[in-house]
Amino acid sequence: MENRQKEKVWFITGSSRGFGKIWTAAALKRGDKVAATARNINSIAALKETYGDQVLVLEVDVTNRSQVQNAIHEAKQYFGRLDIVLNNAGYSLVGSIEESSTDEVKVMYETNIIGPIHVIQAALPILRAQGHGQILGTSSAVGIYSNPLIGYYCSSKFAFEAIYDSLSKEVAAFGIKVTLIEPGAYNTEFGSTESLKIASKKLPYYDDLKNQVMKNLQTMERGNPNATPDALFAVVDAENPPLRLLLGKNDLKHIRQIYSERLQEWETWKPISQAAQG
């Protein structure tokens, strides 16, 4: 299972909070080297004081393609190689499909989808030339199923998953591995204003649904994000890492039910589907 040799070199986006902050610190604590990035370099400057040359801190807005390219190349120059590229930056948009404006959706897509594409496209030539590397991505359990009031966020994770799925098939021949990390509900700063935006339009028709969802959220069991680094390290140290790794214990049962219902629905409508073949 394990292929732990010399220290690994990471490039991590969104290192200032949530999983990105925890995983950056954990990688450094275990002796790895990290190019840590955030939109505001002051939010990660303390890493340099603690870890010195072991860490490179970079100001990166993933929506800025040239800034991403420069950061990837600076990290490669500084450390000599890149072993793990982790797309972690992202945020959620809360609002019904009707309430969220297309401008709000576009801005979120720029961070959640276009940003990771910038990182992948900048890193691939380096990883391909090395003949090794791993591209990780922080997806979500809602990249597998969709929930009300965060439909656009879910859709960004559905797209993220599709991109990574295709990528895994395209780059395997170059010795590059690809893994989607799919956390369930965790006690991170994901509810902060930095990680969560509320649709500006409010329609009363959805008040009952919002109240019910809020009630469910308050009673939901949440995982401890500080318990997650070992799972991440198991993936990056594995000779054959998975394409998808769920984090947490509560989602697999739900996913199993959803897939069962989908299959049943397709089976029920199979005569209609097959007749449409012509």
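When the range 144-160 is filtered for residues that are more than 29 Å from Lys76 (Cβ to Cβ) and either open to solvent by 10 Å² or more (accessible area, probe 1.4 Å) or among the basic types (Lys, Arg) (or both), the ones remaining, listed by number, are Ile144, Tyr145, Ser146, Asn147, Pro148, Leu149, Ile150, Gly151, Tyr152, Tyr153, Ser155, Phe158. With the checklist (1) aromatic (Phe, Trp, Tyr); (2) under 21 Å from the mean Cα position of the chain (by Cα); (3) more than 20 Å from Phe158 (Cα to Cα) in hand, flag the one item Tyr78 doesn't pass. Of the numbered conditions (1) aromatic (Phe, Trp, Tyr); (2) under 21 Å from the mean Cα position of the chain (by Cα); (3) more than 20 Å from Phe158 (Cα to Cα), the odd one out for Tyr78 is (2). The single condition among (1) open to solvent by 50 Å² or more (accessible area, probe 1.4 Å); (2) among the hydroxyl-bearing types (Ser, Thr, Tyr); (3) more than 30 Å from Pro148 (Cα to Cα) that Thr102 does not meet is (3).
For every residue, the table says whether it meets (1) closer than 25 Å to Ile117 by Cα; (2) at pLDDT below 95.
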position	(1), (2)
Thr188	yes, yes
Ser195	yes, yes
Thr219	no, yes
Val235	yes, no
Ala238	yes, no
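Candidates Ala26, Ala36: the one that is at pLDDT 95 or above, touching a Ser or Thr at 6+ places or on another chain (Cβ under 7 Å), under 27 Å from Glu239 (Cβ atoms) and hydrophobic (A, V, I, L, M, F, W, C) is Ala36.
Specify which of the listed residues (Leu82, Leu136) is open to solvent by less than 20 Å² (accessible area, probe 1.4 Å), in contact with a strand residue (DSSP E or B) (Cβ under 6 Å, 6 or more places away or on another chain), part of a loop (DSSP other than H, G, I, E, B) and in contact (Cβ under 8 Å) with a residue 24 or more places away in the chain. I'd like the intermediate steps shown before the answer.
Values: Leu136 fails: part of a loop (DSSP other than H, G, I, E, B).
Step by step, each of Leu82, Leu136 is checked, and only Leu82 is open to solvent by less than 20 Å² (accessible area, probe 1.4 Å), in contact with a strand residue (DSSP E or B) (Cβ under 6 Å, 6 or more places away or on another chain), part of a loop (DSSP other than H, G, I, E, B) and in contact (Cβ under 8 Å) with a residue 24 or more places away in the chain.
Only one of the numbered conditions (1) surrounded by fewer than 22 Cβ atoms within 10 Å (Cβ to Cβ); (2) touching a residue at least 24 places away in the same chain (Cβ under 8 Å) is not met by Pro204, and that is (2). Scanning the range 9-20 for residues that are touching a helix residue (DSSP H, G or I) at 6+ places or on another chain (Cβ under 8 Å) and either among the small types (Gly, Ala, Ser) or surrounded by 22 or more Cβ atoms within 10 Å (Cβ to Cβ) (or both) gives Val9, Trp10, Phe11, Ile12, Thr13, Gly14, Ser15, Ser16, Gly18, Phe19.
The values are calculated or read from the model by the stated rules, or taken from the named source; none is laboratory data. Given the structure is predicted, the values throughout are model-derived calculations rather than measurements. Cβ atoms come from the backbone with ideal geometry, glycine included; neighbour counts cover every protein chain shown. Ligands, DNA and RNA are stripped out before the accessible areas are found, and what is left, the full protein with its side chains, is counted by its heavy atoms. Shrake-Rupley method; radii C 1.70, N 1.55, O 1.52, S 1.80 Å.
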